[in-house]
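The values are calculated or read from the model by the stated rules, or taken from the named source; none is laboratory data. Bear in mind the structure is a predicted one, so any value in this text is a computation, not a measurement. Glycine also receives a Cβ, built like all others from the backbone with ideal geometry; neighbour counts cover every protein chain displayed. Side chains included, ligands, DNA and RNA excluded: accessible areas come from the protein's heavy atoms. Shrake-Rupley method; radii C 1.70, N 1.55, O 1.52, S 1.80 Å.
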Amino acid sequence: MAIMPDQDRAALSAPLLPRPVSLSTSSSFSASSSPAADAAAAAPMPMPRDTACCKALAVLRDAHPGGGSVSCLSLCGEFLLSASTGADIVAWQQPDLRRFARFGHGGEGAVKALAASGGRVFSAHQDGRVRVWRVSRCYRSENAFKLVTALPTTRDYLGKVFRQASYDGAAQQSRRRRGGRRRLWIEHADSISCLALHDGNVYSGSWDKTLKVWRMADLRCVESIRAHDDAINAVAADAGIIYSASADGRVKAWEKGKAGGSHSLQGILIARDGVSWNAVAVSADGGGRRRVYAAGSDGHLVGWDRLGGGGEVRWSLACDVKAHAMAVLCLCVAGDLVCTGSADKTMGLWRRQTSGGGLARIGAVGGHEGPVKCLQASWCRASNGCMVYSGGLDKSIRVWWVPSGQNGDDEQRNEKGTKDDHDHKPRVFLR
């Protein structure tokens, strides 16, 4: 086994810090990569039209050698993981974002979502299965990410295939109409669109309208929730509550029962006809207060504050702003920073106000040549700012540095995020 050079070993533990020049992307895994291609991928990006709110650090063009647009991003220790509609996953080593490894390119269908925890990576695929990868800090990139299994596992299949009660009646009827085979309740009948990890469980949301719960300890499906009347597009988890966002115009909150009981519906945060909710995220401030954000096809960004605790949980509408002229496709939060990605090819930056709790618009950042499909953000305390990664349908990944908002550069300091009663009247259902 080759010995890692000292400088590469040091890079593994280097902190995530902003870099003043474009990041290098020298490849260590693909024979198809070349110094010329890597130099082109790391070419300095044209500065966006709004440069006061952030700093453009780098652009990784044609990030996936197998082709396909960037479908999702996830942070995994010292790696940034990106996946594509071409079914492959690339691990970029920080801080230089060098291509470290490529895995998952086996024809399993487009990768729709990624999540990482405890030395494992979970990937959701268009074929309706979740794949589990083991991460090892080895010196050879081709051995760093190894496939462990696909969910449901073979053991789960064998344990339920002969039991009539194990089949999902709704999925069975749907499959019969389309001439397909019967489905077990532990199987997704359509593409998995989102993943969330929380309290020892993996939550997968699907276009089949169900939310399934997988126990991390033994990778078994322990529950299937018929959560929505249309496709589930996003899921997030925080403080014992699971939030699901759907194309049926609803964002719902679910809570797990005591002593390992089933999840139950605790509230519908919003019900807006004709709107598909495409993204959901949760943030917590220093005082432990939680806010849930959701972004929709109508270009709106909506936020609710979670109030109370125990048996008195409720959600209060805090803001409802028109964030983009076109649909908002993705959303992420880091500290008091909220980032939105849109079909209008821009990334919106917002900051939560300390007084009143509204949202102040920092700016709209251009650069992508196609819709912004996915976002990830990492707060850096040492540098008092946030590193933001955006992936687009233009097949590129772009890296941005957003400084702390304490210098007063926000564009619309008095914008409070009103409820837009003249346009929509979102309904808030309490527990």
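Backbone geometry of the stretch 184-193 corresponds, through the Karplus equation with coefficients 6.51, -1.76 and 1.60 at θ = phi - 60°, to 3J(HN,Hα) couplings of 6, 5, 7, 9, 7, 8, 8, 4, 8, 9 Hz, x marking Gly and Pro.
Entry for the stretch 68-124 at q = 0.14, 0.20, 0.22, 0.30 Å⁻¹: log10 I(q)/I(0) = -0.32, -0.65, -0.78, -1.28, Debye formula applied to identical alpha-carbon scatterers, no solvent contribution. Could you give the Stokes-Einstein D for the stretch 210-308 in µm² per second, using the C-alpha Kirkwood radius, 4 °C, 1.567 mPa s? The Stokes-Einstein estimate is 92 µm²/s.
With every protein chain kept in place and ligands, DNA and RNA left out, what is the accessible area per residue of the stretch 50-93? Probe 1.4 Å, answer in Å².
Details: 1020 Å² over 44 residues.
Using a 1.4 Å probe on heavy atoms only, each residue of the stretch 50-93 averages 23 Å².
Working from label points 7 Å from Cα in the Cα-to-Cβ sense, the A271 to S355 distance is 3.8 nm. The length gained on full extension between D305 and R381, counted as 0.36 nm times the residue separation minus their Cα-Cα distance, comes to 24.9 nm. For the stretch 194-233, the ratio of Cα radius of gyration to the globular rule of thumb 2.2 N^0.38 Å stands at 1.12.
Across the stretch 285-346, counting alpha-carbon atoms alone, Rg and Dmax equal 13.2, 42 Å.
Normalise the Debye intensity by I(0) for the stretch 248-365, one equal point scatterer per Cα, no solvent, then take log10 at q = 0.09, 0.13, 0.21 Å⁻¹ and round to two decimals. Relative scattering, expressed as log10 I(q)/I(0), comes to -0.25, -0.52, -1.19. Here the Karplus curve 6.51 cos²θ - 1.76 cosθ + 1.60, taken at θ = phi - 60°, turns the phi angles of the stretch 335-349 into couplings of x, 9, 8, 10, 10, 10, x, 10, 5, 7, 6, 10, 10, x, 10 Hz, with x standing for Gly and Pro. When every Cα-Cα distance of the stretch 311-396 is counted in 10 angstrom steps from zero, the calculated P(r) takes the values 17, 44, 29, 9, 1 percent. For the peptides 113-122, 186-195, residues were scored by their other Cβ atoms within 10 Å and the scores averaged per peptide; the highest-first order is 186-195, 113-122.
As a quick test, which of the pairs K209/K252; K209/K258; K345/K395; K322/K345; K209/K256 have an alpha carbon distance above 22 angstrom in this structure?
Details: K209/K252 13 Å; K209/K258 25 Å; K345/K395 13 Å; K322/K345 16 Å; K209/K256 19 Å.
Beyond 22 Å: K209/K258.
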